[in-house]
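What follows is a short report on a single structure.
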Amino acid sequence: MKRILSTLALSVLMAGGALAEEGKTYSVNQVTDASANTPSHMFRFEPDLLEVPLGATVKFDNFDGNHTVISIKKMTPEGGPKFKFSKMSPDRNVTFDTPGIYGVTCGIHGRFGMAMIIKVGEDNAEDLKSARTVVPGGRMGTKISQILDRLEDK
């Protein structure tokens, strides 16, 4: 009986931890680093790869520059949130209830490679494969491909 109760208590604690993670808020900073030696390092998201559970909220902070936050249309899973924030947007939070890989860029600095990936939910090889088929061109696409490579190597 003690073993059953111990197992039950452990299961409840583990489930509670998973539920707590689902409602967690994660922060992404939009950086302008004037000391950087290349545009792709000067304008960036930190982190540029964020892995979150279903139900998590991501808050986009913009402390030091004119940045926007835009979901990349072709890199948004079906049913997932599409968003576009300016520097002046009062609420720069997005809750992710649809699993998949989301591409995010800055509408002003995306051409310099300012992009990131948010992976929502469990690992899924099909999500990664699908994301690779819609990578945009230019420096933004180069940055996204590098992030997808890191995600694949995990």
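Quick note: the coordinates plus some simple rules give every number you see, no bench work behind them. All figures in this text were calculated on a predicted structure; none of them were measured in a lab. Because the Cβ atoms are built from the backbone with ideal geometry, glycine has one as well, and the counts that use them run over all protein chains shown.
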Amide H contacts under 5 Å for L54, placed H, 5+ residues apart:
G121
In whole angstrom, how far apart do the alpha carbon centroids of segment 118-154 and segment 26-73 sit?
16 Å
For H67, list long-range residues whose amide hydrogen, built 1.01 Å from N in the peptide plane, is under 5 Å from its own amide hydrogen.
K87
Give the peptides 142-153, 25-36, 81-92 in descending order of average Cβ contacts within 10 Å, highest first.
142-153, 25-36, 81-92
Mean Cβ neighbour count within 10 Å, used as a protection proxy, ranking 102-111, 116-125 highest first:
102-111, 116-125
Which lysines, if any, have their Cα less than 25 Å from the Cα of K119, not counting same-chain residues under 8 positions apart?
K24, K59, K73, K74, K82, K84, K87, K129, K143, K154
For segment 24-153, what is the convex hull volume of the alpha-carbon atoms per residue, in Å³?
97 Å³
Contact order relative to length of segment 24-153, as percent, for alpha carbon pairs under 8 angstrom and 6 or more apart
25 percent
H67, H41 arranged by Cβ crowding within 10 Å, fewest neighbours leading:
H41, H67
